[in-house]
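A quick write-up on the structure given underneath.
The values are calculated or read from the model by the stated rules, or taken from the named source; none is laboratory data. Fair warning: this is a prediction, and the values are worked out from it, not measured in the lab. When we count neighbours, we look across all protein chains shown, and the Cβ atoms used for this are built from the backbone with ideal geometry, even at glycine. Note: accessible area is taken over every heavy atom of the protein model, side chains too, but ligands, DNA and RNA are not part of it. Shrake-Rupley method; radii C 1.70, N 1.55, O 1.52, S 1.80 Å.
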Amino acid sequence: MAGASAATAAGVTASQAGTITVNLLNNYISATGGNHLNADLTGDGQPDVMITNAAYRVVYRLTSSGVIFTSFNQYFATVDINEIRARAFFSNDYNYGIARLGSRHGTIYHSVGSASLTGSIPISFSDLHINGGALTKGFLEVTVSTPLPNLAKIQLNSFTYNARENVSDQGSSLALLAMGAGGVLALRRRRTAQRRS
């Protein structure tokens with residue numbers, strides 16, 4: 001599971017001295033694409049965020065007016081991340097959609113407005129390979145969108161945290177993590193070998 005989880009990390013960028021941002025890939029739930037949410041953001045096999053009440057669906061409705069049949073579909077995706085609700089809804093009946101993230105929301109009606117939101121959710125996690133295993137606080141960037149082509153999608157984009165400067169081996173660890181999943185696995189193999197010797 002750790003290998004599969006680590007593969008979700010696309011790379012690391014240092015936006016400021018001591019601040020690390022890890023981009024996530026394919027960590028989402030959508031009405032048409034299913035649930036691909038992974039609570040293990042760091043790849044250590046342990047959940048770093050609490051994901052609950054995840055659900056998605058498409059409701060198909062066919063109506064007729066004489067000999068003309070029209071299909072109206074509704075698309076839903078919802079999840080609670082660290083007890084913050086993210087919800088996406090889109091109906092092609094009136095081209096109406098709602099995106100909600102916590103107390104923020106956006107609507108789209110007949111292609112007017114914006115039903116896409118990006119926000120940050122506070123997180124805290126412990127990973128033996130980050131900050132020496134100390135409790136680390138940060139933010140998870142989430143996008144909730146309903147316009148085409150996504151219809152109803154909630155995407156975990158990246159997470160950001162502050163790296164402690166007194167943790168040994170931090171520089172080479174970040175370089176390996178920046179290489180993606182292969183770098184994470186190489187770092188873990190190297191640390192395991194160091195412990196054995």
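Quick rundown of the values:
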| quantity | calculated |
| --- | --- |
| Computed accessible area, His105, all protein chains, 1.4 angstrom probe, square angstrom | 110 |
| Pairwise label distance in nanometres, Asn95 with Ala134, each label 7 Å out on the Cα-Cβ vector | 5.3 |
| Accessible-area ranking of Ser91, Ser103, largest first, probe 1.4 Å | Ser103, Ser91 |
| FRET efficiency estimate (nearest 0.05) - Cβ-Cβ, Asn53 to Arg164, R0 41 angstrom | 0.75 |
| Segment 71-130 shape via C-alpha gyration tensor axes, a/c threshold 1.5 | prolate |
| Karplus-derived 3J(HN,Hα), 6.51/-1.76/1.60, for each residue of segment 72-78, Hz, glycine and proline x | 10, 10, 10, 10, 10, 8, 8 |
| Residue-level accessible surface for Lys137, protein heavy atoms, 1.4 Å, Å² | 150 |
